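Accompanying notes for the structure given below.
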Amino acid sequence: MKKIRAVVIDDEYLNRDLISKIVVKMNDNYLIVGQAESVEDGIETLNALKPDLVFLDIKMPDGTGFDLLNQFPNPGFEVVFITGFDEYAIKAFDFNALDYILKPIDPTKLGKTLMKVQDRILGKEISSGNLKDIILQYNGGNLISKIPVHFKDKVFLLNIDDIISIQTHEGYTLFVVNTDQNKFISSRQLADYEFIINSFSNFIRLNKSAYVNINYVKNYSKGKVCEVTLLNGITFEVSRRKKTEILEILDRKIAG
């Protein structure tokens, strides 16, 4: 069987060396054909060697792994991200079905990853679609600046700032946005998006089934029943448990 040719790109020599040794030792279907220690060096190495797989560090002195991937709009290689423990990043990779290994390197986890990637490469099913999604989402330090809305066989990338509200709707998740096509439905549950939504302070949760973008709030009531009306005319009721918290946030917004 033809060997899977891999390149390791990481600014730390010990990591590059460790990954290279583990890969070769644990799976003889792989061959490490090169290493690189920076984004610039990595781009040159990938152009020269054209590997089947890249083990790619996220943070390097001259940029990020995403900066590197932006130079390959149609990558013909699989990517396994190398990352320090970052719950936000890990959830993003899981969300997009991308492979990653954590620092310090766990040989058992790496071995399982090698088997998964091997099956995809040999089956000629490079996951470039999901990879493109996460590259588009990455922007200036935030791993996600767009929300990928999966529905049937399509993925819509919605700008965070354009989203007016997000709510549970008939077993799906409904996104209302400030664009011509103002509604998008995702087959994913609202809970699947919470790690993204909660990373942006302009979103507030009004009740168990709805988030709104505070920048689109038109007015709100302080009576026994607390309601928030958005610029598009939609009104949401605030749960009693969250009423005090939400009113404080809205009052600060007005005062600011």
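Residues in segment 1-37 that are touching a residue at least 12 places away in the same chain (Cβ under 8 Å) and either in contact with a Pro (Cβ under 8 Å, 6 or more places away or on another chain) or in a helix (DSSP H, G or I) (or both): how many? Steps first, please.
Taking segment 1-37 first, the residues touching a residue at least 12 places away in the same chain (Cβ under 8 Å) are 1, 3-13, 15-16, 18-20, 22-23, 26-27, 29-37.
Subset that is either in contact with a Pro (Cβ under 8 Å, 6 or more places away or on another chain) or in a helix (DSSP H, G or I) (or both): 5-7, 11, 13, 15-16, 18-20, 22-23, 26, 33-34.
So the count comes out to 15.
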Exercise. Taking into account only those residues within segment 19-46 that are more than 19 Å from Gly65 (Cα to Cα) and out of contact with any Lys or Arg (no Cβ under 9 Å at 6 or more places or on another chain), which is surrounded by the most Cβ atoms within 10 Å (Cβ to Cβ)?
Worked result: Val23
For this session: Could you please find all residues in segment 1-20 being of a type in the set (D, E, K, R) and more than 29 Å from the chain's Cα centre (by Cα)?
Result: Lys2, Lys3
Problem set entry | Residues of segment 154-168 satisfying the condition of being modelled with pLDDT of 90 or more and out of contact with any helix residue (DSSP H, G or I) (no Cβ under 8 Å at 6 or more places or on another chain) | Asp162, Ile163
Exercise. Across segment 189-227, which residue is least open to solvent (accessible area, probe 1.4 Å) among those that are at pLDDT 90 or above and of a type in the set (D, E, K, R)?
Worked result: Arg205
Problem set entry | From the options Gly65, Gly84, residue that is small (Gly, Ala, Ser), open to solvent by 10 Å² or more (accessible area, probe 1.4 Å) and under 30 Å from Asp192 (Cα atoms) | Gly84
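Suppose we keep only residues that are part of a strand (DSSP E or B) and among the aromatic types (Phe, Trp, Tyr) within segment 155-209. Which one would you say is farthest from Leu230 (Cα to Cα)? Walk me through how you get there before you give the answer.
Step one: of segment 155-209, the residues part of a strand (DSSP E or B) are 155-159, 163-169, 172-177, 183-186, 203-207.
If we keep only those that are among the aromatic types (Phe, Trp, Tyr) too, we end up with 156, 172, 175, 184, 203.
Working: Phe156: 23, Tyr172: 21, Phe175: 14, Phe184: 18, Phe203: 13 Å.
Within segment 155-209, the match that is farthest from Leu230 (Cα to Cα) is Phe156.
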For this session: Among residues belonging to segment 95-108 that are in a helix (DSSP H, G or I) and surrounded by 13 or more Cβ atoms within 10 Å (Cβ to Cβ), point out the one that is modelled with the lowest pLDDT.
Result: Phe95
Problem set entry | Residues being of a type in the set (Ser, Thr, Tyr) and not in a strand (DSSP E or B) - total across segment 219-241 | 2
Seminar exercise, completed: So, first residue within 18 Å of Phe236 (Cα to Cα) in segment 174-185, second residue of a type in the set (D, E, K, R), Cβ within less than 9 Å, six or more apart or across chains; the pairs are Leu174/Lys183; Phe175/Lys183; Val176/Lys183; Val177/Asp162; Val177/Lys183; Asn178/Asp161; Asn178/Asp162
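The values are calculated or read from the model by the stated rules, or taken from the named source; none is laboratory data. Quick caveat: nothing in here was measured; it's all calculated off a predicted structure. Methodologically, a virtual Cβ is constructed for each residue, glycine included, from the backbone with ideal geometry; neighbour enumeration extends over all protein chains shown. Accessible surface is based on the protein model in full, side chains and every heavy atom, while ligands, DNA and RNA are left aside. Shrake-Rupley method; radii C 1.70, N 1.55, O 1.52, S 1.80 Å.
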